[in-house]
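In what follows, a structure is listed as structure tokens, so that the remarks can point back to it.
The values are calculated or read from the model by the stated rules, or taken from the named source; none is laboratory data. The structure displayed is predicted, hence computed values, not measured ones. Note that each Cβ is placed from the backbone with ideal geometry, even for glycine, and that neighbours are counted across all protein chains shown. Keep in mind that these areas ignore ligands, DNA and RNA; they rest on the heavy atoms of the full protein, side chains included. Shrake-Rupley method; radii C 1.70, N 1.55, O 1.52, S 1.80 Å.
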Amino acid sequence: MFVGKSVLRREDARLLAGRGQYIADLELPGMLHAAFVRSPVAHARIRSVDTSRAKQAPGVVLVLGGAELQRALPPVRDNQLPLPGKWKAAIPHRILNPRQPLLAVDKARHVGEAVAVVVAESPLAAEDAAELVTVDYEDLPAVVDAEAALAAGSVLLHEQLKTNEIGWFSLRKGDAAQAIAAAPHRIRRRFFHHRYAAMPMECRGVAAAYDARTQKYTVWSSTQVVHWVQREIAITLSVADAQVRCVALDVGGGFGVKGHVYPEDMLLPFLAKQAGRPVRWIETRREHLACSCHSRDQIHEAEIAFDGDGRILALRDRFIVDCGAWNPLGVAVVYNTAAHLPGPYRIAHLEIDARVAATNKVPNAPYRGAGRPEAAQVTERLMDLVAAQLKLEPAEVRRRNMVRADEMPYAVGIPYRDGEPVIYDSGDYPAALAKALQAIGGVEAFRERQREARKAGRYLGLGLGCYTEGTGVGPFEGATVRIDGSGKIYVSSGAAAQGQGMETVFAQIAADAWDVRPEDVVVVLGDSAAIPMGFGTIASRSTVNVSAAIRYASDKLRDKAFAIAGNMLECASADLELRSGAVGIAGVPGAQVSLAQLAQAARPGWDHRRPAGMQAGLEETHYFEPPTVTWAYAAHAAIVEVDIETGRVKIERYVIAHDCGVLVNPMLAEGQIIGGAVQGIGGALAEAIAYDGQGQLLSGTFMDYAMPIASDVPDIELVHQQIPSPLNPLGVKGLGEGGAISPPATLANAVCDALSAFGIELNATPIRPESLLWAILK
């Protein structure tokens, strides 16, 4: 068995040797290069775009402005990720998604929005010519505050909508208003989770070629969703899906920012056809900061009601999400926040109202956690505030409210974003909390250390952060499994890897299904030509859904392989077994046929060995449609020390007790969790995207956007719980996003605990030294 073993990543053989191929490495014969003219202002009417000088520049092949392009291509569809009918029927809502033109036409709505494109013989020639495009802007007031955007009389981004509120919904369970009114204790606070973003090592990029003979497009994109890209290009260009092939080469990180389709994906194939040559665009880091989607940016007004024992009676939350100028994924992330607010706790009454505000900023879309870190911040800070008011240990308040293992499966009483009821399928939340506390040395021992440290003028704090995470969301993912003529197992899927080790993990799963070595499994991902339909790699879903698809496709294919083997060995299929790359008669050594022989026997034509009436070939495709999500969870515990002279926060210990079901590859799972935690720590303490009052980006380089460095991150200690999910054949739960969810809440709680003598509350991120110093000095 290979599932459960820390098999080394097969991808590393090429990547560590420099043999990987990223989009910037792709060279095509006669390839041209694209550069974009981007708005320097946040909000302005576009009076005119003069491209005449650019068209005369050396090496220029094609120049287009938004008005010209609008005559040829429609804008982006209004919702790339439509919500299911069950959700729409259950949740009162309104979604107004304006359609974004591929190049701005009437207005520029954020700094960095593309207004023209230049195609030239070299990147430098394209960039030089882009400088020659003259755009006449009529400046308009910028709207950079979400609450101001929703206020009466605010300047409108999209006049046709007559509002900046481009989405809202309400979620109810029980009667929160009555429960809060009758409760003996209530706490109300305002929370802010700031704007930051994924920042993968590789920025975005697209290359496209058009074959006039076959009238087909080939598009290479640094994307997480090749079939989405294929579909949106086909719709935009009014061609059949089969006329578009999308390939993701090696992708240097995604984390959600590459998890939907951008205008550049649809524009490049059009440019390739117009120019009659392949065209490539590689995003610069400055463009990435100013143009690729940002995330988070939520304001919450939350109120919690509880009794004298700290048991939660009700939770009410009204929150606003700043979605920027456009809204490519509707309310998917926003509803993620709402659905995850209960966390691992029993809360009888919920009242949640969400509003989505358009502002003159870069659009907001998923980044690792996708709405869940914001929810954890609200709920976990409130848990600590309840504990402080009742003078209880924060761990004890959590324990009293946690769903117990004997209550599983536990119906939360609200729908998930797939429209199905939220039901925690398996787990032991109190055990995870206990293991995290035990690993960090125990609460009582820490409190003694804390008291002694304070006597010496040192300020230590213990912070906790617990969460649940819906993973493996539908609607589907597929896998094709084939036994080829060499006897190798071929597996393809619509999933697209960006460094997770999917080729390794899926090879392990297929190897177990066929009793072969992982080296005998060929895995093909990130290619729309490899499988007819796919959804893509987002939302901690690929291992859950692709593992099930591989298993079910293998089961069907095994039946066919056994029927052919039985025909060859003159025995019943029931008497057969898989045997190290062969199918043999159970209990009869040597009576077997190899998988290669079976593949030859299954071929069409003369002298095949298939039973009468059986179709040729050994290939099956299965599309797994999960009934709903599996629920992963974790408890994070951190010990920090705050220097009250400088405000610097040092993380002394960080422990995560995590349950993602069956671990297919423990080493890779640990890498995923730790990587997510590092990103969460960066978001909590340093990373921030900042705009001034005119909508100018103030954090447009890594000199201003503070990524975490090695010295900022402690050794992260992991404790695994493996409680299988009953919702898929392997019992796996998703884990790609989990590590990033809790750190902002955990560290805020730890710093507040360290500075409790000063009465400091931290209900906004990021936690910066200067803000701590001001709070201490008050």
**Q.** Lone unmet requirement of (1) part of a helix (DSSP H, G or I); (2) free of Cβ contacts under 8 Å to residues at least 12 places away in the same chain for I681
**A.** (2)
Q) Since V751 meets every condition but one in (1) hydrophobic (A, V, I, L, M, F, W, C); (2) touching a residue at least 40 places away in the same chain (Cβ under 8 Å); (3) touching an Asp or Glu at 6+ places or on another chain (Cβ under 7 Å), which condition does it not meet? A) (3)
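Yes or no, residue by residue, for (1) in a loop (DSSP other than H, G, I, E, B); (2) open to solvent by 30 Å² or more (accessible area, probe 1.4 Å):
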| position | (1), (2) |
| --- | --- |
| G30 | yes, yes |
| L69 | no, no |
| P74 | yes, yes |
| L83 | yes, no |
| A89 | no, yes |
| N97 | yes, no |
| A104 | yes, no |
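Yes or no: region 560-567 includes at least one residue that is in contact with a Cys (Cβ under 9 Å, 6 or more places away or on another chain) and free of Cβ contacts under 8 Å to residues at least 40 places away in the same chain.
Taking region 560-567 first, the residues in contact with a Cys (Cβ under 9 Å, 6 or more places away or on another chain) are 565.
Of the ones still in play, those that are also free of Cβ contacts under 8 Å to residues at least 40 places away in the same chain are 565.
There is at least one residue in region 560-567 that is in contact with a Cys (Cβ under 9 Å, 6 or more places away or on another chain) and free of Cβ contacts under 8 Å to residues at least 40 places away in the same chain.
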(Q) So, in region 691-710, exactly how many residues are part of a loop (DSSP other than H, G, I, E, B), hydrophobic (A, V, I, L, M, F, W, C) and free of Cβ contacts under 8 Å to residues at least 60 places away in the same chain? (A) 4
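Quickly run through region 556-603 and pick out the residues that are in a loop (DSSP other than H, G, I, E, B), open to solvent by 40 Å² or more (accessible area, probe 1.4 Å) and of a type in the set (G, A, S). First the steps, then the outcome.
Filtering region 556-603 down to residues in a loop (DSSP other than H, G, I, E, B) leaves 570-572, 579-581, 586-591, 602-603.
When the remaining residues are screened for being open to solvent by 40 Å² or more (accessible area, probe 1.4 Å), the result is 570, 572, 579-580, 586-590, 603.
Scanning region 556-603 gives A572, S580, A586, G587, G590.
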Q: Evaluate region 293-315: report whether one residue or more is over 30 Å from L392 (Cβ atoms) and either open to solvent by 30 Å² or more (accessible area, probe 1.4 Å) or more than 19 Å from the chain's Cα centre (by Cα) (or both).
A: no
Q. Tally time: how many residues in region 342-394 are open to solvent by 10 Å² or more (accessible area, probe 1.4 Å) and of a type in the set (D, E)?
A. 4
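Which of the residues belonging to region 757-772 are in a helix (DSSP H, G or I), closer than 17 Å to A688 by Cβ and of a type outside the set (D, E)?
Looking only at region 757-772, we keep the residues that are in a helix (DSSP H, G or I), and these are 757-758, 769-772.
Checking the rest, the ones that are also closer than 17 Å to A688 by Cβ come to 769-772.
Result: P769, S771, L772.
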Q) Quick check: anything in region 314-331 over 30 Å from N79 (Cα atoms), assigned to a helix (DSSP H, G or I) and touching a residue at least 24 places away in the same chain (Cβ under 8 Å)? A) no
Q.
For the condition of a type outside the set (K, R), under 30 Å from T379 (Cα atoms) and open to solvent by less than 30 Å² (accessible area, probe 1.4 Å), what is the one hit in A208, A248, A234, A183?
A. A183
(Q) Given (1) within 28 Å of the chain's Cα centre (by Cα); (2) among the acidic types (D, E); (3) surrounded by 15 or more Cβ atoms within 10 Å (Cβ to Cβ); (4) closer than 24 Å to G474 by Cβ, identify the lone condition not met by E625. (A) (3)
Q. Out of curiosity, is A365 under 30 Å from C291 (Cβ atoms) and modelled with pLDDT under 95?
A. yes
Q: Considering only residues that are surrounded by 14 or more Cβ atoms within 10 Å (Cβ to Cβ) and part of a helix (DSSP H, G or I), look in region 139-176 and name the one that is farthest from the chain's Cα centre (by Cα).
A: A176
Q: Give just the number: which of (1) in contact (Cβ under 8 Å) with a residue 60 or more places away in the chain; (2) over 22 Å from the mean Cα position of the chain (by Cα) does A290 not satisfy?
A: (2)
Q: Would you be able to tell me the number of residues in region 711-756 that are out of contact with any helix residue (DSSP H, G or I) (no Cβ under 7 Å at 6 or more places or on another chain), under 24 Å from A395 (Cα atoms), assigned to a helix (DSSP H, G or I) and open to solvent by 10 Å² or more (accessible area, probe 1.4 Å)?
A: 2
